[in-house]
Amino acid sequence: MKTSDFIRLISLAAIWGASFLFMRIIVPVLGPIPSSFVRVVFASVGLIVILLAMRTQFNFHGKLRSLLLLGVFSSGIPVVMYSFAAQVLPAGYSAIFNATTPLMGILIGALFFSEKLNLFKALGVVFGLAGVAVLTRTGPVALDTNVLLGALACLVATSCYGLAGFLTKRWISDKGGLDSKLVALGSQLGAVGLLVPVFAVNVSAAPPATWGSTGVWLAVAGLGFVCTSLAYIMYFRLIADIGPVKSLTVTFLIPPFGVLWGAIFLKEQLTLAHLTGGFLIAIALWLVLKPPQFKPAVAAQSLSK
């Protein structure tokens, strides 16, 4: 990996880690539904501007309907879940839980898409769940119903991400493929479509007490334009330059940044639970993502047989 690629990888992890910080600033003021809605709107506008600047052809090759539906799972539901979690969980918690995305993908693939669950992947799931348990039970936030619901919301979000990967392959990739930047835009538009009626009902029934200060809207802009629009473009460039496997290592780097930004800007407490839970999840990710050629022959048999 070239130095420039490594710098972009670290920068992307820092940007995505900051998204949890921004949500902790926005959600307590606007509420989870308005926060989710303005995020996907800003992200959609940002992507449109970037694609226009890049002179991208807006040709979805008849897949726009599939992309809009995909956006419900790849963006709409996860954004809402993380916004609800941001009401009760520190930014560092959500960032660490976000790293369970590959583990949820493994479980969903085994349960619903006939994916083989080998020994290393099964161990990865066990280590990942152990990391989640350590963080929620021994972390600096007292364990109560709200914390459990916040953790559950994060896991629902990562499950949607895992499901979205399989749906993308089935609906988009297996049917001739599509420019990944258009996939990103289509998914954000799908999230907007999902949240428009939800936002309208929510604001009509219980409008926010305040629409926030300039600082809150700067955080919204950072979340939508930088952490979503720009981050998507950076990620796709990384995939093109270093390949999808190396690009996936960003998953390991997001939690440290999420914890760091929360500690610096929100004064969130750092404890041994962060290190222990994060370490267990990191082991889980290594077991799940490590290339097959490094697996001993004894692990080649699938547990699904």
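Quick notes on this structure:
- Gain on full stretching of the segment that runs from Lys290 to Ser4 - 0.36 nm per residue minus C-alpha separation: 100.6 nm
- Pair Met54, Ile264: separation of 7 Å Cα→Cβ label points (nm): 2.7 nm
- Projected onto its three principal axes, the C-alpha set of segment 165-227 covers 47, 27, 15 Å, listed from the longest axis down.
- Dipole magnitude of the chain, debye to nearest 20 (Cβ charges: Lys/Arg +1, Asp/Glu -1, about Cα centre): 640 debye
- Residues whose placed amide H lies under 5 Å from that of Asn118, excluding near-sequence neighbours: Leu303
- Out of every Cα-Cα pair that segment 18-102 contains, those further apart than 18 angstrom amount to 52 percent.
- Distance in nm between pseudo-label sites at Asp144 and Ala130 (7 Å out along the Cβ direction from Cα): 3.1 nm
- GNM result for the chain, Cα springs below 10 Å: residue of Thr168, Thr249, Thr214 fluctuating most strongly: Thr214
- Highest to lowest packing among 16-22, 155-161, 187-193, 106-112, scored as the average C-beta count within 10 Å: 16-22, 187-193, 155-161, 106-112
- Scanning the chain for long hydrophobic helices, with DSSP H runs required to stretch 18 angstrom or more by C-alpha along their axis and to average at least -0.5 on the Kyte-Doolittle scale, returns 3-30, 32-53, 119-138, 145-171, 180-205, 250-265, 272-289.
- Rounded to whole Å, the principal axis extents of the Cα atoms in the chain read 59, 50, 40, largest first.
- What the pair-distance distribution of segment 151-269 shows, using all Cα-Cα distances binned every 5 Å from zero, is 2, 8, 9, 19, 22, 17, 12, 7, 3, 1 percent.
- Per residue accessible area of the chain, 1.4 Å probe, in Å²: 47 Å²
- Relative contact order of the chain, taken over Cα pairs closer than 8 Å and 6 or more residues apart, is 42 percent.
- Segment 1-27 and segment 152-174 have Cα centres spaced 21 Å apart.
- Over 23 Å apart at the Cα level, from the set Lys181/Lys290; Lys63/Lys169; Lys2/Lys246, are Lys181/Lys290.
- Portion, in percent, of the accessible area of the chain that falls on carbon or sulfur, probe 1.4 Å: 69 percent
- Ordering of 56-62, 148-154, 227-233, 94-100 by packing is 94-100, 227-233, 148-154, 56-62, highest average first (other Cβ atoms within 10 Å, averaged per residue).
- Size of segment 47-205 from its Cα atoms: along the principal axes, largest to smallest, the extents are 50, 47, 27 Å.
The values are calculated or read from the model by the stated rules, or taken from the named source; none is laboratory data. Just so we're clear, the structure is a prediction, and the values are computed from it rather than from any experiment. Because the Cβ atoms are built from the backbone with ideal geometry, glycine has one as well, and the counts that use them run over all protein chains shown. These area figures cover heavy atoms from the full protein model, side chains too; ligands, DNA and RNA do not enter into them. Shrake-Rupley method; radii C 1.70, N 1.55, O 1.52, S 1.80 Å.
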